[in-house]
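First up is the structure itself, then whatever we jot down about it.
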Amino acid sequence: MRQFEEGTTLDRYLMETTRERYPEASGKFTALCQSIALAGKMISARVNRAGLAGMLGGTGDVNIQGEFVQKLDHYANLTFIRALEHGGHTCLVVSEEEAEPVAVPSQFHSGRYIITLDPLDGSSNIDCNATIGSIFGIFRRRSPEGSSASVDEALQSGRDLVAAGYLLYGAGTLLVLGTEFGVQGFTLDPSIGEYFLSHPNIRIPAGTTYSTNEAYQRRWNPGMAAFIERMKDPARKGNARYIGSLVADFHRTLLKGGVFLYPSDRKNPKGKLRLLYEAFPLAFLAEQAGGAATDGRTPILDRMPKSMHDRVPLVIGGSDLVAEATQLMATDPNEA
Ligand code: P6P
């Protein structure tokens, strides 16, 4: 696969990689990624001025997860659904903010892709201006295009992911996209509305940073407790970082190495994070970048969801640290 120099636009990257590998490609995957990129621009613009546009705080609603919906959660969810529904590339959207999958309206072509989506991850950080983001996974439908897709088609193994990625709304807006060609980071130049390749061929480096919410230490299982104690050994020269936005904690881990852990524990025996639209996409990216992701026992991508909003424990980052933590957790209770 050819190398792309920094400054390549997202559109050029998509068209040239697709054409090289799939000369007969219809352009639907490229169009899908462009729709996701557009949604990212719109959400980024809204996030950046949320404090001025009365967009902070909650809507007063509670979502399927039992979480208070933030105004920006609602906006992000609608923005993605509207960006995806009319392009002829998508048939279903599975969103954290929707109890059931959202089918493309009948006036639009029901396309070949199923999108799993956390429209705005890290909502608890919105009002304090910490980094948040959107996470997405891309599956291919099993039924023929044009027909209405069955909701069960969204329940596929992580190994069936075609691509995955996230948008990060922080100091800058980044689109990180993982495909079979590897993981690429594109930075949005808001002055011209274009994404440019800024992080080509991302690979997770060796690292010694661990990232977890240590307030839960009293309810950790023995394996997690033992692993964190090892990470605190001065000989390992480690440190700790925790933002509380999965997408931001993962992005740091992807670029600087280390390991993020949200394990099963005595309060959350199935973990907190969602399998279809948080763990699957990030696990796909981690593996494409030379890292790993497990549920404390088995590779995340080997799992098969039982329902849209399954929760799962997550250990993700550099392969060595993930393997070490998973080996220690092997004898922990695991109801995931
Ligand atoms: P805790 C944000 O609400 C989120 O879903 C993830 O982005 C983040 O990693 C996690 O919850 C933080 O959870 O229990 O540490 O507040």
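One residue stands out among those in the range 122-141 that are away from the ligand (no atom under 16 Å from the Cβ) and surrounded by 24 or more Cβ atoms within 10 Å (Cβ to Cβ): the one that is nearest to VAL47 (Cα to Cα), which is ILE138. Does VAL176 meet the test of being in contact with a strand residue (DSSP E or B) (Cβ under 7 Å, 6 or more places away or on another chain), of a type in the set (A, V, I, L, M) and either outside any strand (DSSP E or B) or away from the ligand (no atom under 16 Å from the Cβ) (or both)? Criteria not met by VAL176.
Take the conditions touching a helix residue (DSSP H, G or I) at 6+ places or on another chain (Cβ under 9 Å), at negative phi, of a type outside the set (Asp, Glu) and in contact (Cβ under 8 Å) with a residue 24 or more places away in the chain and apply them to GLY111. Does it pass? Here the answer is yes, as GLY111 does meet what is asked. When the test is whether a residue is among the aromatic types (Phe, Trp, Tyr), away from the ligand (no atom under 16 Å from the Cβ) and not assigned by TED's automatic domain parsing to the domain that holds GLN156, PHE260 does not pass it.
Give the residue, chosen from PRO105, PRO101, PRO119, PRO144, that is assigned by TED's automatic domain parsing to the domain that holds THR179, away from the ligand (no atom under 16 Å from the Cβ) and crowded, with 16+ Cβ neighbours inside 10 Å. Exactly one of PRO105, PRO101, PRO119, PRO144 is assigned by TED's automatic domain parsing to the domain that holds THR179, away from the ligand (no atom under 16 Å from the Cβ) and crowded, with 16+ Cβ neighbours inside 10 Å, namely PRO101. If you filter the range 266-284 down to residues that are over 18 Å from LEU155 (Cβ atoms) and touching a helix residue (DSSP H, G or I) at 6+ places or on another chain (Cβ under 7 Å), you find that the one that is modelled with the highest pLDDT is LEU282. Summed over the range 164-180, residues that are more than 11 Å from the chain's Cα centre (by Cα) and of a type in the set (Phe, Trp, Tyr) total 1. GLY27 satisfies every condition listed in (1) at pLDDT below 95; (2) in contact with a Lys or Arg (Cβ under 8 Å, 6 or more places away or on another chain) except (2). Of all residue pairs spaced 6 or more apart or on separate chains, those with beta-carbon atoms under 6 Å, a first member in the range 56-72 that is within 21 Å of ARG311 (Cβ to Cβ) and a second member that is modelled with pLDDT of 70 or more and among the small types (Gly, Ala, Ser) are ILE64/ALA99; PHE68/GLY58; GLN70/GLY58; GLN70/SER123. Close Cβ contacts (under 6 Å, 6 or more residues apart or on different chains) running from residues in the range 236-252 that are within 16 Å of ILE204 (Cβ to Cβ) and within 12 Å of the ligand (Cβ to nearest atom) to residues that are hydrophobic (A, V, I, L, M, F, W, C) and assigned to a helix (DSSP H, G or I) comprise PHE250/LEU282.
The values are calculated or read from the model by the stated rules, or taken from the named source; none is laboratory data. Model, not experiment: these values are computed from the prediction. All Cβ positions, glycine included, derive from the backbone under ideal geometry; neighbour counts span all protein chains shown.
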